[in-house]
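Throughout, read-outs are computed from the coordinates displayed, never taken from laboratory work. Every value quoted in this text rests on a predicted model; they were computed, and no experiment measured them. Neighbour counts run over all protein chains shown; Cβ positions are idealised from the backbone, glycine included.
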2 protein chains.
Amino acid sequence: MRITVEAVTGLPEVREGDDLAALIAARCPLGAGDVLVVAHKVVSKAEGRVVALASVEPSARARELAEPWEKDPRQVEVVLRESAEVLRAERGVLISRTRHGFVCANAGVDASNAGGADEVVLLPLDPDASARRLRAALPGRPAVVVTDSFGRAWRHGQVDVAIGIAGLAPLEDWRGLPDAVGRPMRASWVAIADEAAAAADLVRTKDGGVPAAVVRGLGRHVQEADGPGAGALLRPPDEDLFA
Amino acid sequence: MRITVEAVTGLPEVREGDDLAALIAARCPLGAGDVLVVAHKVVSKAEGRVVALASVEPSARARELAEPWEKDPRQVEVVLRESAEVLRAERGVLISRTRHGFVCANAGVDASNAGGADEVVLLPLDPDASARRLRAALPGRPAVVVTDSFGRAWRHGQVDVAIGIAGLAPLEDWRGLPDAVGRPMRASWVAIADEAAAAADLVRTKDGGVPAAVVRGLGRHVQEADGPGAGALLRPPDEDLFA
C-alpha cells in the first residue's frame, strides 16, 4: 500500500467571497478517491469568518485575563465569544471547548496570516458543512478534510487534526476483529481523518503559503456519502479517560 | 512539495534476537533522506520485551483493578510494573505515565499480535536507543521513528505517535518567524515526528501484518546526528495546559 501527499501551491491570498473550490481546482487535478486537505484558515477567510479587532469591545473578564500577559484584550474577548467553556486560563493561553465541541488553545482564534495586522480568523461556523460545500463544488468530488493545528496533552508541539470532514471515514474500526494470531484486537480504532490531516501538514509550511494538500491512495476510506463528519471524532467529556 | 508513504510488506513474524534491520532492508530500498517508521511491537519482540503471563504473579492491587472488569490480573500487574504513575483507572483501562514519560493507555502493554495467546508485548526499554540502533544497522542510514498508537484527550480513536526517534527532527519551530504578512507566528511548533508516525499508519493494517513503512520526501527534517529523540516531545507535567 502506498499514499502520496502533494502540496497545492500557488494559491493567492484568499478573501471573503472567493470561490475556494475554483482556486484549488485550477491548481491541482482531483479525482474521486483523492482527499483534499485544507487548512481552516483559508476556508474561514473565504467564508468571512474574520473579525476586525477595532470593532471589538473587550469585556471586563477579557481585560482581566489579558492584562497580566500583555495580550490584546480584544483578541481575548473574541476567544471568549468563541468558547462554550473555558477549561484553563494560564500563562496567557486559554484552553477552551469551542461551540463545535473542539478542545483547543484560544478556541481556534488565530491572529497570524490573517491578511491584516488587526484582524483575527475564527474557525468556520460549521466546518463539516464547509467541507461538504467544498466537496460538492470540486471537480472529481474528492473527499475533503478541513484542519486546524492543535496542541496535545502531555506532548510538545502541535499536529494538524480534522475539524471538518466530507466523504472520508473519520475512524476505522478494527476493534474485535481478529489479529494476525486470531486474537480479537482491543485498542484499534484508528482516527483516519486526523492521520490524513497530519500527513498533509508535512508538505505545508506554517507561513501560510501552502494551505492545502492532496492525499492520494486513501480510496478505501473515501465514500460516496459525506458521512458523519468530524463530529464523530469528538469524545463526550464524560467519557474522557485522558483529560 | 511531495511525500510518499510506502508500506514495507512481507515481513515475517518477528522473534527475540531477530535482525530487524536486515529483515526490513531486504524488503525495501532505503536512502539517507528517507524515514523508516516502525511499529514498536516488532522492535519490542526483536528485543525480547515480551512477557509470558504464566510467569506473572499479580499483586493485590492488580487483582483489585482487574476484578470488576474481568481483566486478566496478570496483565494488569504487568501494566502496573511498566507504570511510573497511574493517572486514571476507569472502566478497565489504566491511563498511566510510563517510566519513559509517555502518557498512554495500559502503559503501552499490548496483548494482541503478541505471537502467543498468553504473552504481552511491552514498550522497548529505551525506544530512542532502539531507533538509533536500527538506524546504524540499516543500509543508507535513513532516519528511524518507532511508534505506538495512542488515544487522545477529547477525541475518539487513536493516532500513531513517535516514541523513539533517530535522525529526524522531532519538532519544527516556526515560533516567532514572520508569517506571509510579516507578523510573528505564535503557535507554530510542529510535531514533525508525530505527523510522520501518523502518515505511516495510513498504509498499515492493524492486524499486525504491516509493521513498517517508509516516508520519502522529508529530507529537510532528516539530519546526520541522531538528535534528541522522542524525549524532546515530552511535555513536563507541570507545564501541561491541556491535561
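The phi-based Karplus calculation (6.51 cos²θ - 1.76 cosθ + 1.60; θ = phi - 60°) puts the 3J(HN,Hα) values of the range A:121-126 at 9, 9, 5, x, 4, 9 Hz, whole numbers, x for Gly and Pro. Fewest neighbouring Cβ atoms within 10 Å first, the residues B:138, B:87, B:168 line up as B:87, B:138, B:168. Debye-formula intensities of the range B:50-122, expressed as log10 I(q)/I(0) at q = 0.11, 0.20, 0.21 Å⁻¹, are -0.23, -0.78, -0.86 (one equal scatterer per alpha-carbon, no solvent).
Within chain A, all pairs of alpha-carbon atoms sorted by distance into 10 Å bins from zero give the percentages 7, 31, 34, 20, 7, 1, 0. Ranked by how many other Cβ atoms sit within 10 Å of their own Cβ, fewest first, the residues A:98, B:147, A:9 fall in the order A:9, A:98, B:147. Calculated mean residue ellipticity at 222 nm for chain A: -6000 deg cm²/dmol, from DSSP H runs with n ≥ 4 weighted as -39500 (n - 2.57), summed, divided by the residue count and rounded to 500. With a 10 Å cut-off between alpha carbons and a GNM built on chain B, which of B:57, B:85, B:195 moves the most? Of B:57, B:85, B:195, the Gaussian network model singles out B:57 as fluctuating most. Against the main long axis of the alpha-carbon atoms of chain A, helix A:73-82 sits at an angle near 40°.
Take every pair of alpha-carbon atoms less than 8 Å apart whose residues are at least six positions apart; their mean separation over the length of chain A yields a relative contact order of 26 percent.
With a cut-off of at most 16 other beta carbons within 10 Å, and DSSP calling the residue loop, which chymotrypsin sites (Phe, Trp or Tyr not before Pro) in the range B:49-154 qualify? Please list them.
Those that pass, being in a loop and sparsely packed, number zero.
With all pairs of separate Cα atoms included, the protein assembly as shown yields a Kirkwood hydrodynamic radius of 23.0 Å. Relative contact order, whole percent, for the range B:50-122 stands at 29, derived from Cα pairs under 8 Å and 6 or more residues apart. A label point on residue B:136, set 7 Å along the Cα-to-Cβ line, lies at 5.9 nm from each of its counterparts in the other copies, closest listed first. Dipole size of chain B about its Cα centre, with +1 on Lys/Arg Cβ and -1 on Asp/Glu Cβ: approximately 540 debye, rounded to the nearest 20. With label points defined 7 Å past Cα in the direction of Cβ, position residue A:209 shows copy-to-copy spacings of 4.2 nm, given to one decimal and shortest first. Computed from phi, the 3J(HN,Hα) profile of the range B:226-234 under the Karplus parametrisation 6.51, -1.76, 1.60 (θ = phi - 60°) reads 5, x, x, x, 6, x, 5, 8, 7 Hz, with x in place of Gly and Pro.
Note down, for the range A:5-63, the three equivalent ellipsoid semi-axes (square root of 5 times each alpha carbon gyration tensor eigenvalue), biggest first, whole angstrom.
Working from the Cα gyration tensor, I get semi-axes of 33, 13, 9 Å.
Label-to-label distances for residue A:220 across copies, nearest first, come out at 3.1 nm, using points 7 Å from Cα in the beta-carbon direction. May I ask which residue of B:59, B:231, B:121 lies farthest towards the positive end of the charge dipole of chain B, with charges of +1 (Lys, Arg) and -1 (Asp, Glu) on Cβ and the Cα centre as origin? Final value for the positive-end residue is B:231. Taking amide H atoms as placed 1.01 Å from N in the peptide plane, the amide H of residue A:158 lies under 5 Å from those of B:189, B:190, B:191, each 5 or more residues away in sequence or on another chain. Given +1 on the Cβ of Lys and Arg, -1 on the Cβ of Asp and Glu, and no further charges, what dipole in debye does the protein assembly as shown carry about its Cα centre, rounded to the nearest 20? Computed about the Cα centre, the dipole is about 500 debye.
Computed from phi, the 3J(HN,Hα) profile of the range B:61-67 under the Karplus parametrisation 6.51, -1.76, 1.60 (θ = phi - 60°) reads 5, 4, 4, 5, 6, 7, 4 Hz, with x in place of Gly and Pro. Listed from fewest to most Cβ neighbours within 10 Å, the set B:71, A:45 follows the order B:71, A:45. Reducing the range B:64-134 and the range A:83-113 to their Cα centroids gives an inter-centroid distance of 32 Å.
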